[in-house]
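Here is the structure we will look at.
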Amino acid sequence: MGIMSFPLLIMILIAFPLSSSGGKWTYDGPVGEHHWSRNYPYCGGAFQSPINFQPELLRFDPDLQPIQLQDYNLSSKEQLTLSNNGHSVQLSLPSRMHLSGLPHRYSAAQLHFHWGSSNTPTGSEHTINGKQFAAEMHLVHFNSAKYPNISVAVDKSDGLAVLGIFIEVGEFNPAFDQFLKYVNGIKYKGQKVQVAGFNIRELLPARLDEYYRYDGSLTTPPCYPSVLWTVFRNPVSMSLRQYLALATSLFSSQAQESAPMPLFGNYRKTQLMDNRVVLVSFQQDASMNINLSFKLWFEP
């Protein structure tokens, strides 16, 4: 075989650029999270997410107002796309849904989930004083006051605002069933189904005035530090059956692949604080801190 001509080499590099934009990634194994920074340098950088909300790192800010949701009650005539992207279950959201009361107008793009396994229902990404919840939902919004779409906004320092919602296993949640009942149609990576619109507000906790606020990153590659995080203090519940629909029904591989890879444990471990302070919109329970200090002091 002869030496490749220079023009042909240039054409190949243009058509198939080198891995500056990264490559395949997973949560474990040779392309697991410990190796993300090889192809995605930001994943090894500062101000990464998720984090552990420790009492000593929290600062009450009386100026933090309840989150204001606009146009979250969607018509059942509206069609949303539920998909399996190989890393999570994702539901598309119309951009007229938005958040107000933040430094900019942030329009909705999608929501998705992180969860544990059927044996270990601990799959939230953020943790509270080391406590990990069964799952976590992220509602992703982009700064529509400055950027035309999420693709342009995703790597900008003020580009994204994400709402994080802890999920625990408990009561059946009819709001989650609006789309979880369709997961068998998206068992494999790349599969999509259409879902009727519903009131997205019902997926969130009743209290929108109690939350953690900090500057962080995407929790998946390319890990851009572009996210204004709002993580609600109070979890929502789903039934064990609903949780298992996430944890046992899905694959991270495509349907035609011979060895299907189950999709579970799709959460990133907590990251370093890097001297960040987490603002909270609620007064901490002083007795919790005293009990914690007592426990730490007297533990062997």
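Listing for the model above:
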| quantity | calculated |
| --- | --- |
| Ratio of Rg to Rh over segment 141-180 (Cα coordinates, Kirkwood Rh, two decimals) | 1.22 |
| Among E257, E78, E210: highest mean-square fluctuation, GNM of the chain, C-alpha pairs under 10 Å | E257 |
| Computed helical MRE - 222 nm, the chain, DSSP H runs ≥ 4 contributing -39500 (n - 2.57), nearest 500 | -4500 deg cm²/dmol |
| For S237, residues with placed amide H under 5 Å, excluding near neighbours | E168 |
| Cα gyration tensor of segment 59-206 - equivalent ellipsoid semi-axes, whole Å, descending | 24, 21, 16 |
| Amide proton proximity set for N199, modelled H, under 5 Å, gap of 5+ | L74 |
| Gain in span if fully extended, M273 to A259, counting 0.36 nm per residue against the direct Cα distance | 1.2 nm |
| Top of S117, S37, S258 by mean-square fluctuation, Gaussian network on the chain, Cα under 10 Å | S258 |
| Whole-Å semi-axes of the ellipsoid equivalent to segment 44-298 (Cα gyration tensor, √5λ, descending) | 28, 22, 18 |
| ³J(HN,Hα) computed for each position of segment 134-146 - Karplus, 6.51 cos²θ - 1.76 cosθ + 1.60, integer Hz, glycine/proline x | 5, 7, 8, 10, 10, 9, 9, 10, 10, 6, 7, 6, 10 |
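Read-outs: derived from the displayed coordinates by stated rules, not from any lab. Owing to the predicted nature of the structure, the values given are computational and were not obtained by experimental measurement.
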